[in-house]
1. Which residue is nearest to residue 209 (Cα to Cα), if the candidates are limited to the stretch 29-47 and must be part of a helix (DSSP H, G or I) and of a type in the set (S, T, N, Q)?
2. Have a look at 172, 216 and point out the one that is buried (at least 18 other Cβ atoms within 10 Å of the Cβ), in contact with a Lys or Arg (Cβ under 8 Å, 6 or more places away or on another chain) and more than 19 Å from residue 94 (Cα to Cα).
3. Among 158, 105, 128, which is over 20 Å from the mean Cα position of the chain (by Cα), under 22 Å from residue 30 (Cβ atoms) and not polar (S, T, N, Q)?
4. Could you please tell me which pairs satisfy a Cβ distance under 6 Å, a separation of 6+ or placement on different chains, a first residue in the stretch 215-240 that is farther than 19 Å from residue 11 by Cα and touching a residue at least 24 places away in the same chain (Cβ under 8 Å), and a second residue that is exposed (fewer than 14 other Cβ atoms within 10 Å of the Cβ) and not aliphatic (A, V, I, L, M)?
5. Which fully enclosed strands (runs of 3 or more DSSP E) of the stretch 203-315 have 3 or more residues being within 21 Å of the chain's Cα centre (by Cα)?
6. Specify which of the listed residues (327, 312, 316) is surrounded by fewer than 16 Cβ atoms within 10 Å (Cβ to Cβ), of a type outside the set (S, T, N, Q), over 16 Å from residue 134 (Cβ atoms) and touching a Lys or Arg at 6+ places or on another chain (Cβ under 7 Å).
7. If residue 178 meets every condition in (1) assigned to a helix (DSSP H, G or I); (2) small (Gly, Ala, Ser); (3) touching a residue at least 40 places away in the same chain (Cβ under 8 Å); (4) surrounded by 17 or more Cβ atoms within 10 Å (Cβ to Cβ) apart from one, which number is that one?
8. Would you check which residues across the stretch 117-172 are more than 27 Å from residue 327 (Cβ to Cβ) and in contact with a Gly (Cβ under 6 Å, 6 or more places away or on another chain) and list them?
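The values are calculated or read from the model by the stated rules, or taken from the named source; none is laboratory data. Keep in mind it's a predicted model, so treat the numbers as computed, not measured. Virtual Cβ from ideal backbone geometry, glycine too; neighbours counted across all protein chains shown.
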Amino acid sequence: MSWTIDVDQVRPLARGAAILGTGGGGDPYIGSLLAAQAIREHGPVTVVGLDELGDDALVVTAAMMGAPTVMVEKLPNLDEVVASVRALEHVLGRTVSHVACAEVGGVNSTVPVAAAAALGVPLLDADGMGRAFPELQMVLPTLYGVTASPLSFADDKGNTGVLTTVDNTWTERIARVACVEMGCSVMIAGFPMSGAQARESLVRGSLSTCVGLGEEIAAARAEHDDPVRRIVERLGGRELFAGKVVDVERATTTGFARGRARIEGAGGDLVLEFQNEHLLARHDDRVLVTTPDLIIVLEHDTGEAITTEGLRYGQRVRVVAAPADPRWHSDEALAMVGPGYFGYDVAPHRFDGAAAVAA
């Protein structure tokens, strides 16, 4: 059944999306401001499930591309969001009927809300990942033959462009160069697909899950309960580690926020490796969890997600792992998002529900 996102629901949506963003996807607060502005100007957004799509629907994804560390200072605006979709419509020769999230993390769960509000079209209760990943081709539609291009981009200066490429990896490579030249963050629209393709390839119920997570945190606080435990239970995950952030190495290179963080706890040290998103967790040199499963850093008491650009020395945190969509564990998917793709010489460690190894 369809439901509505109004200004009051933007906050729990962004809060839950920050959790599924696994440290990346952009600052959820900034994204929520953009979505709230669009709703105030254009009215609430209707959210529809995949089963409500007609086969001939034209679905496109709307997102921010670039380094989350840059977006904190180079704030997005609604004109960029609309311009990227309009540029794509011009090339396709059709009007977009539905907007979808490419990923369900951070700002990229709320940019599509802003796009849907400004364009006056429904938003899908779905996304392309079930989490966040750093590169454009890293979506489940790629595994189903859905092409990223034509892909449009727009910046804060009024520049727009549209790419047509031979495959989704080339779309990422060329768009990333343009993104860096345009200030390391741009708005994009792409992955045009039919309703039938969307039903087959997207992750169902993503936005509902985000809102549910956000509301779970608020309810836990009101009831003086542990929000982290509630998040773990809702995601079917487990708590890996608890401790204090004692070291963060981070740099913005080639359009990504890359680095590592070390967390010190009673059971030793946990090291997190990230490229926008957390990709690998090691406990005293033993690998615990790797991409594509979810590695999530939460503030120790409040359960609020901490993005990779928000990690700071002295923070008390709890690290949670949760299973990814099962399709990410196919051989073809692991070649695209497994640890080997990111340069880690380790085998993928699939999530299991065993007890935490350190606390």
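1. 32
2. Step by step, each of 172, 216 is checked, and only 216 is buried (at least 18 other Cβ atoms within 10 Å of the Cβ), in contact with a Lys or Arg (Cβ under 8 Å, 6 or more places away or on another chain) and more than 19 Å from residue 94 (Cα to Cα).
3. Selected residue: 158, the only one of 158, 105, 128 that is over 20 Å from the mean Cα position of the chain (by Cα), under 22 Å from residue 30 (Cβ atoms) and not polar (S, T, N, Q).
4. Here the result reads 238/353, each pair linking the stretch 215-240 to a residue that is exposed (fewer than 14 other Cβ atoms within 10 Å of the Cβ) and not aliphatic (A, V, I, L, M).
5. Working: elements: 238-253, 256-265, 268-275, 277-283, 286-290, 294-299.
Correct list: 238-253, 256-265, 268-275, 277-283, 294-299.
6. Exactly one residue qualifies, and that residue is 316.
7. (3)
8. Hit for the stretch 117-172 is 153, nothing else.
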